[in-house]
Every structure is written in structure tokens, then in C-alpha cells.
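Data first, discussion second: the structure below is written as C-alpha cells.
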Amino acid sequence: MIRILRLGHRVFRDQRISSHCALVARALGAQGFAYSGQRDSNLKDSLKRVAEQWGGPFSVRYVKDWKREIRNFKGMKVHLTVYGLPFQGHISKLKKARNLLVIVGGEKVPPEVYQLSDFNLSVGQQPHSEVGALAVFLYELSGRKFRERFQKVKRKVIPQERGKKTVKRS
């Protein structure tokens, strides 16, 4: 099971970044998304609607105490950071983990995150988006296969060369 913890969400500044982290996580196989910082019912409601329409399982929740969340997690804890070791050298070990918590920073990541994590890993040593880092990491972790089957799908994309088409399923 893969869960994502987004640190330091700020309602007016990070709404799109946090929601995009959750959308990428869901699409690439994570089962849950938690966020700390400011409580944001719009973020939570929006992501729950996506999971209801496009399938799941995918849970969303607010975490007041991110330190407790990391400490109490039973499994491997990976912090994605530009300052970490290249993730490619650890991917085979991480694929074997039954439970994986992927920690994605926000504004300034507190030093405790580096200490509480089992791994501080990077997808590159250049400044980049946490959304991009999460996508690359989960893509490689999943064996480069997107999860094709979601449970309880109400809406589905019909691939086509041009235009957009979706269908509702009952």
C-alpha cells in the first residue's frame, strides 16, 4: 500500500500543487493522501469527488501532527527531496515494501523530516516541482505501468486521437 503525506499545505498558495500531488498519486497507484498545514475542506471534497467519479480506492485526510503521522507509520518512509540520494539505487528495495509512505514537502521542510525518514531520495539534483518528482518516482516504482483497473468507476475516458470523450458508467 502506498500513501502520500504532503507537508505544509497553505490554502491560498498551494491549492493546485497539493491537489495535483494527490491526483498524480491516485492515478499512479497510491491508495491514500494525507496533508498537513492548513485544513482545507475544498481540497478534501474535490479529491473525494474525483475518487467517486473515476474510481478508487483512494482516501484523503487532514493530519494535524505530521511528526506523529511519520513516527506511527508502519512501513518504509521515503522523503522526496532534491538533496537526497538518487532514488534509482533504492527502487528495487522499495518495490518490496508492503507499506510505503512517500513524504512530499511544501514550503520549507523541517529538519526532522530528514531524520524521521528511512530514505531521503531525489529524482534529480536540480530545482523542480514536487508534483513532477512524485510522478517520476511513482512511475518507476509501479514498474512503469499505470494502474489500469480502478474499483467503482463512474466515469471513464475513451482514448481518441483528437478531442475529449468520456462515458458515464452505472
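Within 10 Å of each candidate Cβ there may be at most 10 other Cβ atoms; applying that plus a DSSP loop requirement, which trypsin sites (Lys or Arg not before Pro) in the range 83-137 survive?
Working: sites: LYS93, LYS95, LYS96, ARG98, LYS108; in loops: LYS96, ARG98, LYS108.
Sparse-neighbourhood loop trypsin sites (Lys or Arg not before Pro): LYS96, ARG98, LYS108.
Working from label points 7 Å from Cα in the Cα-to-Cβ sense, the LYS93 to LYS44 distance is 3.5 nm. Between helix 130-141 and the chain there is an angle of about 80 degrees, using the helix long axis and the longest principal axis of the Cα atoms. Quick one: of LYS74/LYS152; LYS64/LYS108; LYS77/LYS108, which pairs are farther than 21 Å apart, Cα to Cα? As for pairs spanning more than 21 Å Cα to Cα, those are LYS74/LYS152.
What accessible area per residue comes out for the range 1-123, rounded to a whole number of Å², with a 1.4 Å probe?
Details: 6450 Å² over 123 residues.
I get 52 Å² per residue for this part.
Could you check what % of the DSSP bridge pairs in the range 58-170 are antiparallel, to the nearest 5? Bridges in the range 58-170 are about 25 percent antiparallel. Protein heavy-atom surface of the range 98-170, 1.4 angstrom probe: 49% of the accessible area is carbon and sulfur, with nucleic acids and ligands not counted. Between ASP65 and LYS156, the distance separating the two model label sites (each 7 Å from Cα on the Cα→Cβ line) works out to 4.5 nm.
For the chain, what's the relative contact order in percent, using C-alpha pairs closer than 8 Å and at least 6 residues apart? Provide the component values of the computation, followed by the final result.
Details: 303 pairs, mean separation 47.3, N = 170.
Relative CO of the chain lands at 28 percent.
Remark: relative contact order (the range 32-113) = 28 percent; criterion is Cα-Cα distance under 8 angstrom and separation of 6 or more residues. Could you point to the label whose value was computed as volume of the Cα convex hull per residue in Å³ for the structure here, given [x] 130; [y] 109; [z] 118? Given [x] 130; [y] 109; [z] 118, the calculated one carries the label [x]. Along the charge dipole of the chain, Cβ charges K/R +1 and D/E -1, which of GLN115, MET76, VAL153 sits furthest on the positive end? Ranked along the dipole, the leading option is VAL153.
For the range 82-170, the relative contact order works out to 29 percent when only alpha carbon pairs closer than 8 Å and six or more residues apart are counted.
Within the chain, which is the longest segment that contains none of the GluC sites (Glu not before Pro) sitting in a DSSP loop with at most 12 other Cβ atoms within 10 Å? Mind dumping the intermediate values first?
Details: sites that count: GLU107, GLU148, GLU161.
Between exposed loop sites, the widest span is 1-106.
The values are calculated or read from the model by the stated rules, or taken from the named source; none is laboratory data. The structure displayed is predicted, hence computed values, not measured ones. Every residue, glycine among them, receives a Cβ derived from its backbone with ideal geometry; neighbour counts consider all protein chains shown. Heavy atoms of the whole protein, side chains included, go into the accessibility calculation; ligands, DNA and RNA do not. Shrake-Rupley method; radii C 1.70, N 1.55, O 1.52, S 1.80 Å.
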